[in-house]
Amino acid sequence: MSEDNLKLLSCHFTWGLLKEDADLNFLEVKVREKLAVKCKYGGNLKQRGLNFLAFIKHLQGFNDEALKNLTLAKEEHPNDDKNAIVMYGNLAWVHSHMGNVTEAEKNIEKVNEILKAFPTPSPTELHREVLSEKAWSLLKFSKKSYVRAKEIFLEALQKEPDDKEWNTGFAFSLFRLEGLKIGQYKRVRYEESPAVLQLKKALKLDPNNAMIHVYLGLKCYKNETNAEALEYMTQALKMAPDDLSVVLHVAKFMKKEQRYDAALEVLLEMLKKAPDSSRIHHEIANNYRWKAMQIDDIHNPELLGLCVHHLEKGASLNPSHIYPQLELALRYAELKQTAKAEQKFTELFALSDLKPADRQAWHRMYGDFKLYRLGSERTAVEHYKQGMMLGRVSTEWVSCRNRLRKILQRDTRDTYMIRTLFASFRTESTDY
């Protein structure tokens, strides 16, 4: 079988989605957890979710699991029509990678049959269903593919300026891209935000889209119009109480507003529908922790116990997510289980596949453990220093810097080393 025939297929395998550009574990968890919630799926969204999950499993090196997910996708949409083009293309690629040449050729032929039955005006033009799945996949896969997603939605809009889906997709693309700017210590003002203008246009066309409300709420919150943000978030929750992404966004907003009981009510209700969601467990744990701080009782045994319970449950469901487990180690320390905390930190640091951002978080939290629980300032300083030296790979860089600044203000014996470290960063950036 010629590889050229595979390359002609428009599917996840030919859309330039590179595994080094994405956090595959996080993507898998998000898709799996969303699919696990029993709710009504509009159109062929469940099939698309399974298609996307299959591609992720391929990138992780598990073609058997990829094939299982594509089989489930086929059951969701057994008819050979335009909505199945991407699925059959993915099946052809997976079978080819598994050495199943005959099956690969069968699926290529399936695609060709559909294309003959539903021809496009030109051979290079994609069917709307394929273009849609491609654009949304690019938007979900990685921040490195946001621009490409935006370009697809924008080009489609030029042909159909009032199309509901294209307007929503373009709005979401702009929102994500502006979010990257905020991550780089910049902020797009609400009144000047192209994303806000496009989100409002999309909302007029699709007023029942809960995620549009969520994104507008987040834009309001970032610009300190919190009452309006709350209105958007409340409406989103009413519209989509079973949507895991919506619930998590709303709960995180409530947490930032210090409305911990309200956030817990929303999260615990969602937990009944998604008991195996590691992200829900992590967010519940965070709210119990912050609630204890709110009542000025950080060592409250009941709240701390609930926090630890949900962190442990989340860790068991998603052992590859390191950050909640680092928090768990700190909570052990707060329970005065110092040896257990030390063991957990040691186990996590020994992992061979720690990403730079995870390693930076490890240094910051281990430094906190040494400084605030064991009183070892010298060791803490060394770990904050190691965290900074990893560069701006996450917001933990700022946390390490701020902790070193506090130590520097006390004029301790580590002053010279800290000043020297800051001087090295000052030569590279004015914002150190």
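The values are calculated or read from the model by the stated rules, or taken from the named source; none is laboratory data. Model, not experiment: these values are computed from the prediction. Counting neighbours? That spans all protein chains shown, and the Cβs are built from the backbone with ideal geometry, glycine included.
Which residue is surrounded by the fewest Cβ atoms within 10 Å (Cβ to Cβ), if the candidates are limited to the range 146-169 and must be touching a Leu at 6+ places or on another chain (Cβ under 6 Å) and among the basic types (K, R)? If you could, list the steps in order and put the result at the bottom.
Within the range 146-169, the subset touching a Leu at 6+ places or on another chain (Cβ under 6 Å) is 146, 148-149, 164, 166-167.
Adding the requirement that they be among the basic types (K, R) leaves 148, 164.
Details: R148: 19, K164: 13.
Only one residue tops the list, namely K164.
Name the one entry in S96, S122, S137 that is assigned to a loop (DSSP other than H, G, I, E, B) and small (G, A, S). Explain how you work it out, then say what you get.
Details: S96 fails: assigned to a loop (DSSP other than H, G, I, E, B); S137 fails: assigned to a loop (DSSP other than H, G, I, E, B).
Only one candidate passes the filter, namely S122.
Every residue in the range 206-233 that is within 14 Å of F172 (Cα to Cα) and aliphatic (A, V, I, L, M), please. I'd like the intermediate steps shown before the answer.
Here is the first cut: in the range 206-233, the residues within 14 Å of F172 (Cα to Cα) are 206, 209-219.
Within the range 206-233, A210, M211, I212, V214, L216, L218 meet the criteria.
Which count do you get for residues in the range 2-48 that are farther than 20 Å from D80 by Cβ, small (G, A, S) and over 13 Å from the mean Cα position of the chain (by Cα)?
4
Those residues that are surrounded by 15 or more Cβ atoms within 10 Å (Cβ to Cβ), among the small types (G, A, S) and under 17 Å from A333 (Cα atoms), I need them from the range 345-375; list them, please.
A361, G367
For the range 175-186, indicate whether the set of residues that are part of a helix (DSSP H, G or I), crowded, with 21+ Cβ neighbours inside 10 Å, outside the structural domain of D81 (by TED's automatic domain parsing) and touching an Asp or Glu at 6+ places or on another chain (Cβ under 9 Å) is non-empty.
No; the residues of the range 175-186 include none that is part of a helix (DSSP H, G or I), crowded, with 21+ Cβ neighbours inside 10 Å, outside the structural domain of D81 (by TED's automatic domain parsing) and touching an Asp or Glu at 6+ places or on another chain (Cβ under 9 Å).
So for the range 9-23 (the condition being buried (at least 18 other Cβ atoms within 10 Å of the Cβ) and of a type in the set (V, I, T)), does at least one residue qualify?
No; the residues of the range 9-23 include none that is buried (at least 18 other Cβ atoms within 10 Å of the Cβ) and of a type in the set (V, I, T).
Name the residue, out of N44, N69, N51, that is among the polar types (S, T, N, Q), modelled with pLDDT under 95 and either crowded, with 18+ Cβ neighbours inside 10 Å or within 20 Å of S132 (Cα to Cα) (or both). If you could, list the steps in order and put the result at the bottom.
Details: N69 fails: modelled with pLDDT under 95; N51 fails: modelled with pLDDT under 95.
None of the others qualify; the one that does is N44.
Kindly indicate whether any position in the range 283-296 is acidic (D, E), free of Cβ contacts under 8 Å to residues at least 24 places away in the same chain, farther than 21 Å from V37 by Cβ and surrounded by fewer than 21 Cβ atoms within 10 Å (Cβ to Cβ). Full working, then the answer.
Of the residues in the range 283-296, the ones acidic (D, E) are 283, 296.
With the extra rule that they be free of Cβ contacts under 8 Å to residues at least 24 places away in the same chain, the set shrinks to 296.
With farther than 21 Å from V37 by Cβ added as a condition, the list becomes 296.
If we keep only those that are surrounded by fewer than 21 Cβ atoms within 10 Å (Cβ to Cβ) too, we end up with 296.
Yes; the residues of the range 283-296 include at least one that is acidic (D, E), free of Cβ contacts under 8 Å to residues at least 24 places away in the same chain, farther than 21 Å from V37 by Cβ and surrounded by fewer than 21 Cβ atoms within 10 Å (Cβ to Cβ).
Can you run down the residue pairs with Cβ atoms below 9 Å, 6 or more apart or on separate chains, where the first is in the range 247-258 and outside the structural domain of A229 (by TED's automatic domain parsing) and the partner is buried (at least 20 other Cβ atoms within 10 Å of the Cβ) and basic (K, R)?
Once the first residue is outside the structural domain of A229 (by TED's automatic domain parsing) and sits in the range 247-258, its partners that are buried (at least 20 other Cβ atoms within 10 Å of the Cβ) and basic (K, R) give L248/R279.
Restrict the check to the range 187-205 and report whether at least one residue is within 18 Å of W136 (Cβ to Cβ), touching a residue at least 24 places away in the same chain (Cβ under 8 Å) and basic (K, R). Lay out the reasoning, then the answer.
Initially, the range 187-205 is screened for residues within 18 Å of W136 (Cβ to Cβ), giving 195, 198-199, 202, 205.
Adding the requirement that they be touching a residue at least 24 places away in the same chain (Cβ under 8 Å) leaves 195, 198-199, 202, 205.
From what is left, the residues that are basic (K, R) are none.
Looking for residues that are within 18 Å of W136 (Cβ to Cβ), touching a residue at least 24 places away in the same chain (Cβ under 8 Å) and basic (K, R), one finds none in the range 187-205, hence no.
Can you find a residue that is touching a His at 6+ places or on another chain (Cβ under 9 Å), farther than 30 Å from G49 by Cβ, small (G, A, S) and not assigned by TED's automatic domain parsing to the domain that holds K34 anywhere in the range 281-294?
Checked against the condition, which is being touching a His at 6+ places or on another chain (Cβ under 9 Å), farther than 30 Å from G49 by Cβ, small (G, A, S) and not assigned by TED's automatic domain parsing to the domain that holds K34, the range 281-294 yields at least one hit.
Which numbered condition trips up E334, out of (1) out of contact with any Asp or Glu (no Cβ under 8 Å at 6 or more places or on another chain); (2) at pLDDT 95 or above?
(2)
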